[in-house]
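Below you'll find the structure, written out as structure tokens, and then a few comments.
Where a number appears in this text, it was derived from the coordinates with a stated rule and is not lab data. What you are looking at is a predicted structure, and each value in this text was computed from that prediction instead of being measured. Here Cβ is always computed from backbone atoms with ideal geometry, including for glycine, and neighbour counts include all displayed protein chains.
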Amino acid sequence: MKKLFSMLLVVLLSAALCCISYAADAEYSLNDVLSAMDLMRQKSPSYTQRIAYDANGDGDLHLDDVLSMIAYCQKNSKPSDCAFSGRTDHDCVVDDIKPGQYADLTYTSSTYKIDMNYRVRVPKNYSPDGEYALVVFLHGLGGESQSISQLGGGALFTNILRSDYGNDTILLVPQCPKGMTWPDNRKTVEVAYELIDMLASHLAIDRDRMYLSGHSNGAKGVAYMIDSHPYVFAAAILSAGASPIGNYKNFEGMAATPMRMYCSNDDPYKFYTHMKSLAVALQYKGGDAVYKEYNGLGHGIFTTVSNESGLIDWMYEQTRANTEK
């Protein structure tokens, strides 16, 4: 029995990114299953003996349930899933990405139990021994309802790929889950941050050159990510989106990331008010925050922002502030 438990534990640990769904109504995360197995180890039940387990309010659990969960995952896992595939997470990420092409994949957060689709592109000359900048784009409202293959970084990504920076850059577009927005209690932003951290651990990403960009609701998400994770990103571009100034917690930390903010004076959502306030607050803390206001361009300004003279050069000139002030 002890050998059986050890074998099961090895299999489960190899599935660290898998969100395990039992074939019945109940759904279990990896942590739930490991917790149940630990409890079984302590009580040493027989193969069919049930023990109390209510991590999800599901009542009893026995070893046969765990085996069924494993069988279910083996049957239903996708080719891009790392779970039960015999590959490490690093292998899964690398093997499913073809240099010079976008790969559409899914990241599962075991912490928040949220699946997040994403598109990632490494340059044609990608080498695991290199060091590449990372540029992330957070889409606006409506992007969560589109096919992941339709999402991209718009003119910003196009301009990067056409420039000399294209061969030195990994591009990433996370997709907010349907029915949610980027600022939703910051959960979706946290999952996107987990995704960024995972990719930075497995791909040849230079953590001193990770850049954020976003439009509208995505710009809100960018600001929240920097607020929650200061001293991580080298620069940020916000287009037509920000939250009320009282929603942010750490202006001094945010000020360590240089930002360029853009909005039109006739934006129907009046984000110019929040963006001006945020820029002033960051400037007061010594930050390199610049706000520019367009005249009469409405809300859909991301292409205009992406074509701002010198903006891309400015972004790539920035490197992460590694230490707090």
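May I ask you to order 291-299, 220-228 by the average number of other C-beta atoms within 10 Å around their residues, highest value first?
Numbers: 291-299: 14.0, 220-228: 25.3.
With the highest mean Cβ count within 10 Å placed first, the list reads 220-228, 291-299.
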*Amide H partners (placed H, <5 Å) of Ile114, local residues excluded*: Ser109
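Can you give the FRET efficiency for Lys113 and Tyr231, using 1/(1 + (r/R0)^6), R0 = 45 Å, r = Cβ-Cβ distance, to the nearest 0.05?
0.95
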*Val280 versus Thr303, label points 7 Å from Cα toward the beta carbon: distance in nm?*
3.3 nm
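Expected output is a single nm value to one decimal: the length gained when fully extending between Glu293 and Gln150, i.e. 0.36 nm times separation in residues minus the C-alpha distance. What is it?
Details: separation 143, 0.36 × 143 = 51.48 nm, distance 2.89 nm.
Roughly 48.6 nm would be gained on extension.
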*Label-point separation, Leu141 to Asn167 (7 Å along Cα→Cβ), nm*: 4.3 nm
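Going by a ≥ b ≥ c, the root eigenvalues of the Cα gyration tensor, does segment 256-325 fall in the rounded group (a/c under 1.5), the prolate group (a/b larger than b/c) or the oblate group? Working shown, then result.
Working: a/c = 3.19, a/b = 1.46, b/c = 2.19.
Taking the square roots of the gyration eigenvalues as a ≥ b ≥ c, segment 256-325 is oblate.
Once a ≥ b ≥ c are taken as the square roots of the eigenvalues of the Cα gyration tensor of segment 148-275, is the result rounded (a/c under 1.5), prolate (a/b larger than b/c) or oblate (a/b not larger than b/c)?
Details: a/c = 1.43, a/b = 1.27, b/c = 1.12.
Verdict is rounded for segment 148-275.
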